[in-house]
1. Give me 39, 432, 225 sorted ascending by neighbouring Cβ count inside 10 Å, so fewest comes first.
2. How many nm is it between the label spots at residue 264 and residue 307, if each spot is 7 Å from the Cα in line with the beta carbon?
3. Relative contact order for segment 280-437 using alpha-carbon pairs under 8 Å, separation at least 6, rounded to a whole percent?
4. Could you give the length gained on full extension between residue 364 and residue 204, defined as 0.36 nm per residue of separation minus the Cα-Cα distance, in nm?
5. With a point put 7 Å past each Cα toward its Cβ, work out how far residue 344 is from residue 379 in nm, to one decimal.
6. Taking 2.2 N^0.38 Å as the expected size of a compact globular protein, what ratio does the Cα radius of gyration of segment 67-181 give against it, to two decimals?
7. Using the Kirkwood formula on the Cα atoms of the chain, what hydrodynamic radius do you get, in angstrom to one decimal?
8. How do 40, 462 line up, fewest other C-beta atoms within 10 Å first?
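Read-outs throughout are calculated quantities, based only on the coordinates presented, and are distinct from any laboratory measurement. What you are looking at is a predicted structure, and each value in this text was computed from that prediction instead of being measured. Cβ: placed from backbone, ideal geometry, glycine included. Neighbour counts: every protein chain shown.
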């Protein structure tokens, strides 16, 4: 069957590329969500992701796979993991991470077994989650461990942990021992928490060391997709709380962010400060971190959100990722900025303007398009209020606006196809004399890095391809732009072959029935 699925992997069902990204990672067809297994192995960056290849909708999870030499240009590889084992039936191969040992690449992931009505009646749970291993000697073809599952919920104290909700292992090595953080919740489903496991050899003998961190009633009923990294000398827990209700400090019932602190490896307890957002936009979830060969911490997240319109499903695909971002800590605050490797996508001569004073709505020759990078340095002390319309036409626009009291706004109300979620995101930034905006536009996305990543806003948008203008609008006398740099960006991943009429895959591949 694996050969048949690899053959299927080359067959595209994408019917329209109007919103398919030029340089953001996305599936060649079908569905994707959480990033998985980001790592550097055998001289390449490997990126795995939750993938359902048979339709642009969530289904039993596979692991899609892409590789890059430089974090800018990617190519797709065959599906790495498929739900074939008894402990993966119904839900599939859920999220996890990767680690190298003895020259082999190991994937640690969650097998999600969806219970039948009879099984649910017997065990009392709608699903069971197991932690599993797969390994590869070439980084492409993976074999699941005969010792799976290596962690079972039934081995855990059910008075402190909801034993059927333990998932998304992030594994690393420290002082000769292997550690893994897993997302979990309390048995009453009121508080999310992180479990820390320990093993002497990675492949066996995993044991629960501690409940490392936990919500105190204000940070959701489930914590998932945990990651752990040392950033600028401090320990950082990266995770995605969900089921956040009745808390006005959060924009959605699912978010993604960090806790900065210190992990006591002896006790397993993570002492930390307050929760911090990684991105305050509409679409950012389940980020995963990896360390580059030169020691940087780089994350990529799913640039979508659960239970929100994904209009690309009508074109045969669903879901995309953020650009890779480098993490740092400055004055106790997490910041993220685009990785420097993305500059390789600047294949055309830049368009540059300096010391521009604008007193009316203005466009600049050549500054337009559907996939570009825009760097603006603005004299905020003399530009009291202004807006920038992106992917604009007479009928459509995505608007960024700023005023002197530090209010920054992203408005996608008229960005194109309507989305059944919030359209305006307003945040407060530190008032400043100089405002730097680093903007990445792709066919159906916008990412805005404010003041070198002090704040970030990411969103999906669905404009017509003809909406390509960039319009600068002073709203209080003048807008002073110290510098403007515009870069058209190259294709960073293979473009899908477009099918005029979707085929019935069950005829071409009978095993899919």
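1. If I rank by nearby Cβ atoms, fewest first, I get 432, 39, 225.
2. Taking the two extended label points, one gets 3.8 nm.
3. Working: 222 pairs, mean separation 26.8, N = 158.
This gives 17 percent for segment 280-437.
4. 51.5 nm
5. Computed distance between label sites residue 344 and residue 379 equals 3.9 nm.
6. On the way: Rg = 15.9 Å, N = 115, 2.2 N^0.38 = 13.4 Å.
Normalised Cα radius of gyration, segment 67-181: 1.19.
7. Here the Kirkwood hydrodynamic radius works out to 23.7 Å.
8. On the way: 40 17, 462 21.
Exposure proxy ranking, most exposed first: 40, 462.
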